[in-house]
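First the structure, in the form of structure tokens, and then the observations on it.
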Amino acid sequence: MTEDLEIRFHQAMLNLYHAAVELGYRPTYFIQMVNELGGVGAARRLLSTEDIQAGLTRLWKLERLDLSVEAHVLQDPWTALFNDDERQKACERLKAYGYKFGPSD
């Protein structure tokens, strides 16, 4: 079950890349990580650093934080792939950019 979920998350990360390209943003470092580490590995790598990645800032400027790795890490069913610390870091980063998590935000 987890393997299937990881495969689906990997595809979701590829879809994020293609959606960003359609907006005129080509996150080459991100797609290289996804291809080398897989979707889950790339997400974990991005979340393991204290630095906010330039790609998140770019998506914020494009008003498309919904296309961020951080937003996906916090969505079902993907939350099961990440630990509490990873989900917390994703949440903190998105909050720092004013991301709207739901209708009450």
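The values are calculated or read from the model by the stated rules, or taken from the named source; none is laboratory data. Note that the structure is a prediction, hence the values are computed from the model and not measured. For neighbour counting, all protein chains shown are included, and Cβ atoms are generated from backbone atoms with ideal geometry for every residue, glycine included. Accessible surface areas use protein heavy atoms only, side chains included; no ligands, DNA or RNA. Shrake-Rupley method; radii C 1.70, N 1.55, O 1.52, S 1.80 Å.
Of all the stretches in the chain, which is the longest one without any exposed loop site, taking GluC sites (Glu not before Pro) in a DSSP loop (any state but H, G, I, E, B) with at most 15 other Cβ atoms within 10 Å? So the longest stretch without any such site is 1-49. Let me make sure I get this right: for region 46-105, a, b and c are the square roots of the gyration tensor eigenvalues over alpha carbons, sorted descending. Under 1.5 in a/c it's rounded, otherwise prolate if a/b > b/c, else oblate. Which is it? Oblate shape, in that a/c is at least 1.5 and b/c is the bigger or equal ratio. With the gyration tensor restricted to C-alpha atoms of region 1-93, the semi-axes of the equivalent ellipsoid amount to 19, 15, 12 Å, longest first. Sorted largest first by accessible area at a 1.4 angstrom probe radius, with every protein chain in place, the residues Tyr17, Tyr99, Tyr29 fall in the order Tyr29, Tyr99, Tyr17. Sparsely packed loop sites in region 27-105 (the trypsin sites (Lys or Arg not before Pro) outside DSSP H, G, I, E and B with at most 16 other Cβ atoms within 10 Å) comprise Arg64, Lys100.
Taking the helices alone, the chain has a mean residue ellipticity at 222 nm of -20500 deg cm²/dmol, built from -39,500 (n - 2.57) per DSSP H run of at least 4 residues and averaged over all its residues.
Taking Lys and Arg as +1 and Asp and Glu as -1, the other residues whose beta-carbon sits under 13 Å from that of Ala80 total -4. Placing unit charges on each Cβ (+1 for Lys and Arg, -1 for Asp and Glu) gives the chain a dipole about its Cα centre, and among Trp78, Ala90, Ala54 the Cα reaching farthest toward its positive end belongs to Ala54.
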